[in-house]
Ligand code: SF4
Ligand code: SF4
């Protein structure tokens, strides 16, 4: 036969016993962070906002293959690829990502998309301040995701480095924009290079 549970006696100290936890916590190291006034450095491989990378001459690495979109478990990526032409080239190969969007209302920052990308076009930055009250603002476009221009780069569209092919870009043989690329971009935009501060 099961033993009857003993009734607990209402002790004098019971009402104050719970404060023991509070008292012990008073002497522990404080974990409170003064965010956003004091920003904490994230881990080097933190999964933050995405970035679409460029080759050293400024051409885009994305080839519009949509593998990132297919790998995404949250259906957060939308890609539309298009053909490069001799007159308007955005990447060294045949295709480029004409439309690229990531919906941060859906994204769970898992990183599966960057693992799926065959060209390392898509990587993730350490930026984590992505909150917004508008759904539309949480859909980042290609223009927002595309990496900025470094000193060796010229913005697209422009031709590949003369005497190279797509493979040379992935072998690391193209390290900067070809001389005259800025002039070429200006002409393709219908501008008059002589009126611009560009190199001939
Ligand atoms: S990080 Fe994950 S959820 Fe976000 S876009 Fe990439 S695959 Fe989708
Ligand atoms: S980011 Fe990578 S995987 Fe996604 S479309 Fe571009 S090349 Fe393909």
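Throughout, read-outs are computed from the coordinates displayed, never taken from laboratory work. Quick caveat, the model's predicted, so the values are computed rather than measured. Note that each Cβ is placed from the backbone with ideal geometry, even for glycine, and that neighbours are counted across all protein chains shown.
Looking only at region 64-104, which residues are exposed (fewer than 13 other Cβ atoms within 10 Å of the Cβ), within 22 Å of residue 161 (Cβ to Cβ) and away from ligand 2 (no atom under 13 Å from the Cβ)? If the condition is that a residue be exposed (fewer than 13 other Cβ atoms within 10 Å of the Cβ), within 22 Å of residue 161 (Cβ to Cβ) and away from ligand 2 (no atom under 13 Å from the Cβ), then 83, 85, 86, 87 are the ones that fit.
Considering only region 80-102, I want to know if a residue exists there that is farther than 28 Å from residue 171 by Cα, touching a residue at least 24 places away in the same chain (Cβ under 8 Å) and near ligand 1 (Cβ under 8 Å from one of its atoms). Yes: region 80-102 contains one or more residues that are farther than 28 Å from residue 171 by Cα, touching a residue at least 24 places away in the same chain (Cβ under 8 Å) and near ligand 1 (Cβ under 8 Å from one of its atoms).
Of all the residues in region 158-173, those that are under 28 Å from residue 71 (Cα atoms) and either surrounded by 14 or more Cβ atoms within 10 Å (Cβ to Cβ) or in contact (Cβ under 8 Å) with a residue 12 or more places away in the chain (or both) number 4. Name the residues in region 95-111 that are touching a strand residue (DSSP E or B) at 6+ places or on another chain (Cβ under 7 Å) and farther than 18 Å from residue 155 by Cα, would you? 101, 102, 103, 104, 111 - these are the residues of region 95-111 that are touching a strand residue (DSSP E or B) at 6+ places or on another chain (Cβ under 7 Å) and farther than 18 Å from residue 155 by Cα. The residues on offer are 138, 122, 146, and the sole one that is more than 30 Å from residue 168 (Cβ to Cβ), touching a strand residue (DSSP E or B) at 6+ places or on another chain (Cβ under 8 Å), surrounded by 14 or more Cβ atoms within 10 Å (Cβ to Cβ) and in contact (Cβ under 8 Å) with a residue 12 or more places away in the chain is 138.
Scanning region 17-41 for residues that are part of a loop (DSSP other than H, G, I, E, B) and surrounded by 10 or more Cβ atoms within 10 Å (Cβ to Cβ) returns 33, 39.
Each residue in region 52-78 was checked for being more than 10 Å from ligand 1 (Cβ to nearest atom), within 17 Å of residue 147 (Cβ to Cβ) and touching a helix residue (DSSP H, G or I) at 6+ places or on another chain (Cβ under 6 Å), and 2 pass.
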